[in-house]
Amino acid sequence: MIIAKPGLLSTFQDDGRRKYLAQGINRGGAMDRLSLEAGNILLGNSPFEAAMEIHFPGPEILFEEACAFTITGADFGAEFNHKALLNYKIYHAETGDILKFTRKNAGERAYLSVAGGFRIPAWLGSKSAGYSPGNSRLKVGDKVRVNKTALSIAESGFGISREFQMIKKPVQKIRFVAGNEWDLLDKDSTYHFQKGIYEITPNSDRMGYRLSGKKLEVVNPHQLLSSAVSFGTIQLPPDGQMIVLMADAQTTGGYPRIGFVAEVDLPVLAQCGPGQSVTFEKIEFEEAENLLEIRSHEIKKLKASVNLIRNKAG
């Protein structure tokens, strides 16, 4: 495929680099890993095969060879040869077909996955943000190859139910578990954190979301040693306005870690952007684990359904 227009920020992302935090190399990877996984399962790929992570305005893509593809995550008004597409449904592209994104309806990040995956280089076992040396963002004229694979399931027009699709809400609830420095919050801050409404500010990106709301304070402020942080860590800087670290987070930080977003809600937060209001609900670690187990079961059911249809089509 040829990139006719690159869009605001189009990169390739997979599950990231898991084994190099001790060397100071952050994990990176897709912001919304549920959408990435769902798209790959639909197409019969490995669950975390790299996809094109798209921000709005999105790219315009000219297909030079036949392939099956699907779009998951945000709804950016995708059009295929000037006809509207539905997210979470498989389409079959032929030479000369054009895919573009026309309007931002809901969400912040869409994922374009292709059957067989993109033929791009990996670094330290991951294709995240990889395309060419020194340039991870796609630009006009870039050519991206697609691995060849069987396309039979694409002809079925198969799609999945809404349980994996995002629903836009005026105020999005995010569940979290207490962090290492939770007990440093004073009583009023503990209350406001769980009852207040916070807004994601424009000063937010793949590295972290800065929130605006009621100022939170700690009891007896003191210097902390830098400690390990990760995707979902909620930090409290001296100004009392929270930062939630996202997929491109650094590996260590010195601010109090007052909470950790429940992993099951990281995809939800990833689809929130500047101006979105969020609230936080504190849950216990065991509940966070149970919620993730339920999500894992849903993914297994999706995979089983896709495999059943693929076997019948074959």
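What to note about this one:
- Residues satisfying the criterion are present in region 168-184 (criterion: farther than 21 Å from residue 266 by Cβ and either touching a strand residue (DSSP E or B) at 6+ places or on another chain (Cβ under 8 Å) or among the β-branched types (Val, Ile, Thr) (or both)).
- In this structure, residue 229 does satisfy being aliphatic (A, V, I, L, M), farther than 21 Å from residue 171 by Cβ and under 19 Å from the mean Cα position of the chain (by Cα).
- Residues that are farther than 20 Å from residue 123 by Cβ and either surrounded by fewer than 24 Cβ atoms within 10 Å (Cβ to Cβ) or of a type in the set (Val, Ile, Thr) (or both), drawn from region 2-33: 2, 3, 4, 5, 6, 7, 8
- Taking the criterion of being of a type in the set (Gly, Ala, Ser) and either in a strand (DSSP E or B) or farther than 28 Å from residue 304 by Cβ (or both), the residues of region 28-75 that qualify are 28, 51, 58, 68, 73, 74.
FYI, it's all coordinate maths here, none of it is from the lab. Keep in mind the model is a prediction, meaning the values are calculated, not measured. Note that each Cβ is placed from the backbone with ideal geometry, even for glycine, and that neighbours are counted across all protein chains shown.
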